[in-house]
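One structure below.
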Amino acid sequence: MGEAGRQVRDLIRAAVRATLATALAGSASHPYASLVLVASAADGSPLLLVSELAEHTKNLLRDARLSLLFDGTAGLDDPLTGPRASVLGRAVLSNDGHERARFLARHPSAETYAGFADFHLYRVVVERAHLVAGFGRIRWVEGGAILLSGAGALAEAEADILEHMNRDHGDAVRGYATRILNQADGAWRMVGIDPEGCDLRAEARLARLPFDAPVHSAEAARHALVRLARATRTTP
């Protein structure tokens, strides 16, 4: 079950948007599907920044239950061969500054409206997920297998790590993107780090760089980033 949980978490981490399903009001209510921007907390919990004026938020304020579809099938000739996960849970209001910073780093355009009085950040309390990893590879995964424990120490150090990498090691960050991930050259910056990898951005482009093994402290993250920097010097 650990591998299935990691697959769901990877889909959440890689996503910039998801399909949100909420319940319309009324005894004969229907599911209501909408497109939302998403980010993830350090432990992998999905994060949503939504307006009280939006229909889906009105629904959540009446009934906090939701489902989020994370689609990892982009670019495949046959999307049904690719991975996707329907994550079930409840939306809870978040006043966590670190979670807010992670969302805005992933979606800098949201800075223009994030301070409006009607916008609020929500964390999704994950209960379970239905994972389809391809034909015949289907299973339910409980929330405890999806969320990552022990992420708090690195989360506390995240802002300092990002500042240090972008200020002092911009060449290494660019090398991660262009030489390891084969992304086009650009003004790449590190915009997030968690125990399983880091997120890079250049203008509107986002890329996810996984670590070989989980890291749970600033020192362990430093060693992982140094190893990756050395790999950029040997990658043809």
Report summary line: Out of (1) in the same structural domain as residue 217 (by TED's automatic domain parsing); (2) surrounded by fewer than 18 Cβ atoms within 10 Å (Cβ to Cβ); (3) without any contact (Cβ under 8 Å) to a residue 24 or more places away in the chain, the one residue 166 does not meet is (3)
Query raised in the report: Between a first residue in segment 97-124 that is over 29 Å from residue 143 (Cα atoms) and a second residue that is at pLDDT 95 or above and part of a helix (DSSP H, G or I), which pairs have beta carbons less than 9 Å apart while being 6 or more apart in sequence or on different chains?
Result: 111/104; 118/57
Report task. Kindly establish whether residue 136 is touching a strand residue (DSSP E or B) at 6+ places or on another chain (Cβ under 9 Å) and closer than 25 Å to residue 3 by Cβ. Result -> no
Requested in this report: Select from segment 11-39 the residues that are touching a residue at least 40 places away in the same chain (Cβ under 8 Å) and out of contact with any Phe, Trp or Tyr (no Cβ under 9 Å at 6 or more places or on another chain) and write down the one among them that is farthest from residue 128 (Cα to Cα).
Outcome: 16
**Report entry** Among the residues listed as 130, 107, the single one being over 18 Å from residue 54 (Cβ atoms) and either in contact with a Ser or Thr (Cβ under 9 Å, 6 or more places away or on another chain) or not hydrophobic (A, V, I, L, M, F, W, C) (or both)
**Finding:** 130
Query raised in the report: Which residue out of 137, 189 is assigned by TED's automatic domain parsing to the domain that holds residue 106 and either over 20 Å from the mean Cα position of the chain (by Cα) or in contact (Cβ under 8 Å) with a residue 12 or more places away in the chain (or both)?
Result: 137
Query - Number of the condition not met by residue 159 [criteria: (1) assigned to a helix (DSSP H, G or I); (2) over 17 Å from the mean Cα position of the chain (by Cα)] - result: (2)
Query raised in the report: What is the residue count in segment 62-100 for residues that are among the basic types (Lys, Arg) and either closer than 20 Å to residue 42 by Cα or not assigned by TED's automatic domain parsing to the domain that holds residue 51 (or both)?
Result: 2
Requested in this report: Test residue 103 against the criterion of being closer than 16 Å to residue 10 by Cβ, assigned by TED's automatic domain parsing to the domain that holds residue 31 and outside any loop (DSSP other than H, G, I, E, B), and give yes or no.
Outcome: no
Query raised in the report: If you go through segment 89-98 one residue at a time, do you hit one that is touching a helix residue (DSSP H, G or I) at 6+ places or on another chain (Cβ under 8 Å), part of a strand (DSSP E or B), surrounded by 21 or more Cβ atoms within 10 Å (Cβ to Cβ) and at pLDDT 95 or above?
Result: yes
Query raised in the report: Restricting attention to segment 119-136, does a residue exist that is surrounded by fewer than 13 Cβ atoms within 10 Å (Cβ to Cβ), of a type in the set (A, V, I, L, M) and either assigned to a strand (DSSP E or B) or at pLDDT 95 or above (or both)?
Result: no
Report summary line: Given (1) surrounded by fewer than 19 Cβ atoms within 10 Å (Cβ to Cβ); (2) outside any loop (DSSP other than H, G, I, E, B); (3) within 17 Å of the chain's Cα centre (by Cα), residue 73 misses just (2)
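The values are calculated or read from the model by the stated rules, or taken from the named source; none is laboratory data. Since the model is a prediction, treat every value here as computed from it, not as a measurement. Ideal geometry is used to build each Cβ from the backbone, glycine not excepted, and the neighbour counts take in all protein chains shown.
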